[in-house]
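Here, each number is a calculation from the coordinates, and none is a lab measurement. Everything quoted here is computed from the prediction, not taken from an experiment. Positions of Cβ are backbone-derived with ideal geometry, glycine not excepted, and every protein chain shown enters the neighbour counts.
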Amino acid sequence: IFKKIFVKADKIIVNSLEFKKEFKKKFNVKTICIYNPLNKKEILYNSKKKINLNLLKQKNKFKILNIGRFTDQKDHYTLLKSAKILRDKYNLNFVLIIMGRGKNEKNIKNFIKRNNLSQNVKVIGFKTNPYKFIRYCDLFVLSSRFEGLPNVLLEAITLKKFIISSNCPTGPSEILNNGKGGLLFKTGNQYDLAKKIVYYYNNKKLLNKKINFAYKNLYRFDYNNNLKKYFKVVTDLF
């Protein structure tokens, strides 16, 4: 179905170079890569608003944040299994905040209950302003099985947060410059994720230079430049 639709399009726009390669490989069609426009001013402005979640204000706990729809794609189970490893094997003093909503919410909460993770994992539901929550976390984790170009990573980098992401297709590796701007773990591997979290926890000063590297490379997602690219593609058709 997709092959028949794509060949009829005048232009096809994708939001990552990796996605562009996938289109060429799977559908043998040419595409134009335009990164998602990132409005840094809006993110910074909204991040400064007040927060009423005391968990994120506790200085004695290592605060991990995950944001995403409660669907199979986001693979919260790998994240939750890694949380269990962090507690049982590494005895890490942490709290994992999971923000979102979706069809898997009940199953996620049941997993937390069955594994006695309620003291370490909190599900807080969907929030219209996630930026103020990102601002207070120590670490942002993305556990997805696949993506396009995950905006949430761009938002976390804008707020200068360290990122550990699954090395899933497509986007995370591209955003993090193959690990120069954060850490990548094997998709679906809770052991690798837990090791990466502990590694960052024990080597924050050494690894924080990756935050600056990722931030400096946000120019690729500049709001005005990428909107101009969209405008050019459309106007060139007429």
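Mean-square fluctuation check for the chain, GNM, Cα pairs under 10 Å: which of Phe185, Phe111, Phe140 is largest?
Per the Cα network of the chain with a 10 Å cutoff, Phe111 tops the list.
To the nearest 10 degrees, how steeply does helix 76-88 sit against the main Cα axis of the chain, on a 0 to 90 scale?
On a 0 to 90 degree scale, this one is about 30.
If you fit an axis through the alpha-carbon atoms of helix 105-114 and take the longest principal axis of the Cα set of the chain, what angle between them do you get, 0 to 90°, nearest 10?
30
If you fit an axis through the alpha-carbon atoms of helix 190-202 and take the longest principal axis of the Cα set of the chain, what angle between them do you get, 0 to 90°, nearest 10?
With rounding to tens, the tilt is 70 degrees.
Given segment 162-225, report the % of alpha carbon pairs whose separation exceeds 19 Å.
34
Using the Cα centre as the reference, give the magnitude of the dipole from point charges on the C-beta atoms of segment 58-160 (Lys, Arg: +1; Asp, Glu: -1; all else neutral), rounded to the nearest 20 debye.
Computed charge dipole of segment 58-160: roughly 380 debye.
Once you have the Kirkwood Rh of segment 60-151 from its Cα pairs, apply Stokes-Einstein at 25 °C and 0.890 mPa s and quote D in µm²/s.
The diffusion coefficient I find is 183 µm²/s.
Please give the charge dipole size of segment 106-162, origin at the Cα centre, charges +1 on K and R Cβ atoms and -1 on D and E Cβ atoms. Round to the nearest 20 debye.
300
How large is the convex hull of the Cα atoms of the chain per residue, expressed in Å³ as a whole number?
Roughly 134 Å³ of hull volume per residue.
Determine the distance separating the Cα centre of segment 132-210 from the Cα centre of segment 45-105; give it in Å without decimals.
13
Using mean Cβ contacts within 10 Å as the protection proxy, how do 70-80, 96-106 order, highest first?
In decreasing order of mean packing, 70-80, 96-106 become 70-80, 96-106.
For a quick size check, give me the Cα extents of segment 98-164 along its three principal axes, largest first, whole Å.
36, 26, 23
Checking the table Lys74/Lys180; Lys63/Lys127; Lys3/Lys106 against a 25 Å threshold on Cα-Cα, which pairs fail?
The pairs that break the limit, which is 25 Å between Cα atoms, are Lys3/Lys106.
How big is the dipole moment of the chain about its Cα centre under a simple scheme where the beta carbon of each Lys and Arg is +1, that of each Asp and Glu is -1, and everything else is neutral? Debye, nearest 20, please.
400
Do any trypsin sites (Lys or Arg not before Pro) in segment 154-188 lie in a DSSP loop with no more than 12 other beta carbon atoms within 10 Å, and if so, which?
Those satisfying the criteria are Lys180.
Based only on Cα atoms, what mean projected area does the convex hull of segment 102-212 have, in nm²?
The directionally averaged projection comes out at 7.5 nm².
Positive end of the dipole of segment 41-94, charges at C-beta (+1 Lys, Arg; -1 Asp, Glu), about the Cα centre: which of Ile43, Tyr77, Asn91 has its Cα farthest in that direction?
The residue sitting farthest along the positive end of the dipole is Ile43.
Just subtract the alpha-carbon distance of Leu44 and Phe146 from 0.36 nm times their residue separation and send over the number in nm, one decimal.
Roughly 34.0 nm would be gained on extension.
Considering only Leu176, Val14, Ala194, whose Cα is most displaced toward the positive end of the charge dipole of the chain, charges sitting on Cβ of Lys, Arg (+1) and Asp, Glu (-1)?
Value computed over the given set: Ala194.
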